[in-house]
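The values are calculated or read from the model by the stated rules, or taken from the named source; none is laboratory data. Predicted, not measured: the structure shown is a model, and the values here were computed from it. Positions of Cβ are generated from backbone atoms using ideal geometry, with glycine treated the same way; all protein chains shown enter the neighbour counts. In case anyone asks, the SASA skips ligands and DNA or RNA and just uses the protein heavy atoms, side chains included. Shrake-Rupley method; radii C 1.70, N 1.55, O 1.52, S 1.80 Å.
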Amino acid sequence: MKIVWSWLRELVDIDEAPERVADRMTLAGFEVEGIDRLGDDIAGVVVAEVVSARPHPRADKLTLVTVDDGGARAEVVCGAPNVPPPGQRVLWARPGARLPGGREIGRREIHGVASPGMLCSEAELGIGPDADGIVVLAPGEGRVGEDAAEALGLRDVVLDVSVSANRGDGLGHLGIAREVGALYGRKVRLPDTSAPPGDADDDVASLASVVVDDPVACPRYTARGIVGLRIGPSPRWLRRRLEAVGVRPLSNVVDVTNYVMFELGQPLHAFDLDRVAEGRIVVRRARAGERLTTLDGQEREPIADDLLICDARGPVALAGVMGGLLSEVEAGTTRVLLEAAAFDPRMVRRTSRRLGLVSESSLRFERGVDEAGAVFASARAAKLMAELAGGRVLRGLVDVHPKPLRPTVIELRPKRVRDILGVPLETAAIVADLEVLGLGVDEAQDLLVVTCPTWRKDLEREIDLVEEVGRVHGYEAIPGTLPMTQAAPERGADELPEKVRDLCAAAGLGEAICYAFTSPARLAALRFPQGHVAARAIAVTNPMREDQAVMRTSLLANLLDALRHNLAHGETDVRLFEVGSVFLPSGRMLPDEPTFVAGVLCGERTGWLKPDGPIDFYDAKGVVERLFAGLGRDAEFVPARSEDGFLHPGLAAAVRVADVHLGVVGEVHPETRERLDIDRACFAFELNLSRLPAAEPPTFRAFGRFPAVLRDVSFFVDEATPASRVAEVVRADSPANLVRFRVLEDYREKGRVPPGKKGMLWSFTYQADDRTLTDEEVDAAHEALVAKLLAELRAERR
């Protein structure tokens, strides 16, 4: 919700700087996410009076306009067709002026005539779309010589306030004014609603009627009539405020409904009364086969769950969401029927989400509007329409309100407030904190009986009132104390996920936290074989969105989509991981929820060892190796060549620990990438942490007292022979003093390696516990091992 500072100050007196108020509001639960200062990008533009105008001697479409700003007079070349007569006021950007976008104005020659600056249009000042004509001020608007930004009210501050879902009253300037007033102890001024009285014979009930068939879905519906209207543009001050909150001005009548919605938080709708058949409004559920074209020009087909506003012919609006095209206010409208109503929040939300049609009105109705404030909002809008569009407000009000709303009454124990907040507040201070919020408080022995205003729908229980006292008192004023305990808090039962997160982050991956829901299309893109448990996703009964229609059976479904999102926004080097649960059908009431870790890598390799090269299979495999090394496990990688799956055949490996299959690592299959709209090679791994075998208890092994001896061997072997096969031969009959061995190189450089072969370099470490080994002992053992390797692997020593 964007709050315009000047608008807010009309409702509550506040002398503090906007930044200080923003800090206080944030501490009180209304987080201010940003502060924008309007008008600071305009400088050197002043109000000037037109003295005279004459044609340009060398250009028929140009005019030489003499202007006076009270201190200087100049003749300015102007190409606009609407140069006003002498005596009227315009906006003169003098030499040295600065306009939005950083544009600087100087003195330049136009067809042989020097022009000191320029006369400005709305578009050049960034205050409107009109670029064809210059701004001509209305009588009394601005003083000669006054700064243009001040004269037009362009200098203002806009607070971007985050309003939580349970505080619908905060979606209007009045609601925020009440909060600021409570925090600073200031009274709130309600906007003026004193419209000119209508003629005695004019009664809205004689021109319109309202029937509500479903009082649960529409607990209140009011209709007011305004006639004699002249549709035209709104005054500049109103247009500027609507633009500041992100609304495009349309016409005076429509703008008033939007203005009051942002002022009071109550959505309104104006029907062209002459286009409402028989002047009859019926609020009912949709019927089969009905259609409605909404204001956005789209034809909609409501379902039985949707609430409609209808006239004698049929639907004219989707209740709480958007009006219909057939009854909209047009340039020739002279009479309107003004709707101010309350609709069931759940009904509005279902309709809005089903149609993908979110409006400022639906946003407020979904959070719950104050049905008791509908009449006030209607009166406020009627007054503004009468003032700005020359209309007359008809006598009376059609008000269908079968069950008037009763304020919520809650009992509050002052002792409970003190116990929860941990602050010894006096009862009088608690009462004062509640009353400043507009709550009524009656004291009864050890209880406070609190009557909540109808606009505070979030106050339902005693704990809600405790929170209100804490907010007004100031959470920052509550001293921080450590809880009284006799023992340190116990550590979590399962520390594995957190340790895996630390290891993945240490390997250079960034953590992603994705939704537990995903789309069937994303899961299908992973190409799980038919019958695979991960291919049988659990459907969500009432999904928030179509792409959250099923529970995820693989972390990679959303993680690869996160990769696509990063690539689409120009991030070419992406390394992401996630640790979380997947949801697999179990045949029981609840699904299985094993914990997985998954990662994706794409882009260029970084680091000193292999800089500026593309990430490949071994980078992903290296991450998995580092992960298991940090967990104290030995991982085994076995070639995986399944034609069904999300990994590329021949560039994939199954990962095992102690003969338990945990997952896979490899290059993402091109078909999977194509389905997910990923346009470059990427690599992924996914491991089931819930199946990880328990580690052996750590045992101490004494450090060797005697020096170790290293021997290397380099040989050519068939290129299909994996390093694991070499390790298998060594373990089968290793020398007694061989303590470690590892592969140092696996190379296949053309010209250095025979065709069909690859080169391998291995290092072996020999060490005895009781003596220093001699070269003769090591050489004998090592040569015997090498001979065995060459024989069993059919290798050729280099």
Practice item. Please find, within region 449-478, the residue that is farthest from A432 (Cα to Cα) out of those that are open to solvent by less than 30 Å² (accessible area, probe 1.4 Å), in a helix (DSSP H, G or I) and touching a residue at least 60 places away in the same chain (Cβ under 8 Å). Key: R471
**Study point:** Pairs where the first residue, in region 428-439, is under 14 Å from R416 (Cβ atoms) and touching a residue at least 24 places away in the same chain (Cβ under 8 Å) and the second is among the charged types (D, E, K, R) and in a helix (DSSP H, G or I), C-beta under 8 Å, 6+ apart
**Key:** L434/E468
Review point. Residues in region 338-368 that are closer than 21 Å to D547 by Cβ, surrounded by fewer than 18 Cβ atoms within 10 Å (Cβ to Cβ) and touching a helix residue (DSSP H, G or I) at 6+ places or on another chain (Cβ under 7 Å): how many?
Key: 1
Review point. Among the candidates V664, V655, which residue alone is in a strand (DSSP E or B), in contact with an Asp or Glu (Cβ under 9 Å, 6 or more places away or on another chain) and open to solvent by 30 Å² or more (accessible area, probe 1.4 Å)?
Key: V664
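Say whether the condition of being more than 26 Å from E593 (Cα to Cα), hydrophobic (A, V, I, L, M, F, W, C), at pLDDT below 90 and surrounded by fewer than 14 Cβ atoms within 10 Å (Cβ to Cβ) is met by at least one residue in region 685-696. Walk me through it before giving the result.
Keep residues of region 685-696 that are more than 26 Å from E593 (Cα to Cα), which gives none.
Checked against the condition, which is being more than 26 Å from E593 (Cα to Cα), hydrophobic (A, V, I, L, M, F, W, C), at pLDDT below 90 and surrounded by fewer than 14 Cβ atoms within 10 Å (Cβ to Cβ), region 685-696 yields no hits at all.
Evaluate region 325-335: report whether one residue or more is closer than 27 Å to P404 by Cβ, open to solvent by less than 30 Å² (accessible area, probe 1.4 Å) and not in a loop (DSSP other than H, G, I, E, B). Talk me through it step by step, then tell me what you get.
We begin by selecting, within region 325-335, every residue closer than 27 Å to P404 by Cβ; these are none.
No, the conditions are met nowhere in region 325-335.
Given the criterion of a type in the set (A, V, I, L, M, F, W, C) and assigned to a helix (DSSP H, G or I), identify the matching residue among I430, I410. Spell out how you get there, then give the answer.
Working: I410 fails: assigned to a helix (DSSP H, G or I).
None of the other options fit; the residue is I430.
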Practice item. Name the single residue, out of those in region 528-587 being within 25 Å of A506 (Cβ to Cβ), among the hydrophobic types (A, V, I, L, M, F, W, C) and in a helix (DSSP H, G or I), that is nearest to the chain's Cα centre (by Cα). Key: A562
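Of V51, V77, which residue is within 18 Å of L119 (Cα to Cα), touching a residue at least 12 places away in the same chain (Cβ under 8 Å), more than 40 Å from the chain's Cα centre (by Cα) and surrounded by 20 or more Cβ atoms within 10 Å (Cβ to Cβ)? Walk me through it before giving the result.
Values: V51 fails: surrounded by 20 or more Cβ atoms within 10 Å (Cβ to Cβ).
Just a single option satisfies the conditions, and that option is V77.
If I ask for residues that are free of Cβ contacts under 8 Å to residues at least 60 places away in the same chain and outside any strand (DSSP E or B), which ones from region 754-771 would you list? Lay out the reasoning, then the answer.
Residues of region 754-771 free of Cβ contacts under 8 Å to residues at least 60 places away in the same chain: 754-766.
Matches in region 754-771: P754, P755, G756.
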**Study point:** Every pair of residues 6+ apart whose Cβ atoms lie under 9 Å, when the first sits in region 288-300 and is under 13 Å from G314 (Cβ atoms) while the second is surrounded by 13 or more Cβ atoms within 10 Å (Cβ to Cβ) and of a type in the set (K, R)
**Key:** R291/R300; L292/R300; T293/R300
**Study point:** Residue satisfying all of: in region 619-634; surrounded by 15 or more Cβ atoms within 10 Å (Cβ to Cβ) and part of a loop (DSSP other than H, G, I, E, B); nearest to the chain's Cα centre (by Cα) among these
**Key:** L631
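Being among the hydrophobic types (A, V, I, L, M, F, W, C) and closer than 22 Å to I303 by Cα is the filter here, so list the residues in region 336-374 that pass it.
Taking region 336-374 as the starting set, the residues that turn out to be among the hydrophobic types (A, V, I, L, M, F, W, C) are 336-338, 340-343, 347-348, 355, 357-358, 363, 365, 369, 372, 374.
Within region 336-374, A341, A342, F343, M347, V348, L355, L357, V358, L363, F365 meet the criteria.
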Exercise for review: Within region 732-755, track down each residue that is open to solvent by less than 40 Å² (accessible area, probe 1.4 Å) and either of a type in the set (S, T, Y) or modelled with pLDDT under 90 (or both).
Suggested key: P735, Y747, V753
Review point. Hey, among the residues in region 678-701 that are touching a residue at least 40 places away in the same chain (Cβ under 8 Å) and of a type in the set (G, A, S), which one's farthest from L793 (Cα to Cα)?
Key: S690
Review point. Going through region 369-381 one residue at a time, which ones are in a helix (DSSP H, G or I), open to solvent by 30 Å² or more (accessible area, probe 1.4 Å) and closer than 9 Å to Q266 by Cβ?
Key: F376
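Using the structure shown, decide if L171 is farther than 30 Å from R98 by Cα and out of contact with any Asp or Glu (no Cβ under 8 Å at 6 or more places or on another chain). Walk me through how you get there before you give the answer.
Details: farther than 30 Å from R98 by Cα: yes; out of contact with any Asp or Glu (no Cβ under 8 Å at 6 or more places or on another chain): yes.
So L171 passes the test.
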Check your understanding: Looking at region 765-798, which of its residues are crowded, with 16+ Cβ neighbours inside 10 Å, of a type in the set (G, A, S) and within 24 Å of S724 (Cα to Cα)?
Key -> A781, A795
Check your understanding: Out of all the residues in region 525-546, is one or more among the β-branched types (V, I, T), at pLDDT below 90 and in contact with a Leu (Cβ under 9 Å, 6 or more places away or on another chain)?
Key -> yes
Revision key, fill the gap. Residue set L421, L405; condition modelled with pLDDT under 95, under 23 Å from E476 (Cα atoms) and not hydroxyl-bearing (S, T, Y); output residue L421
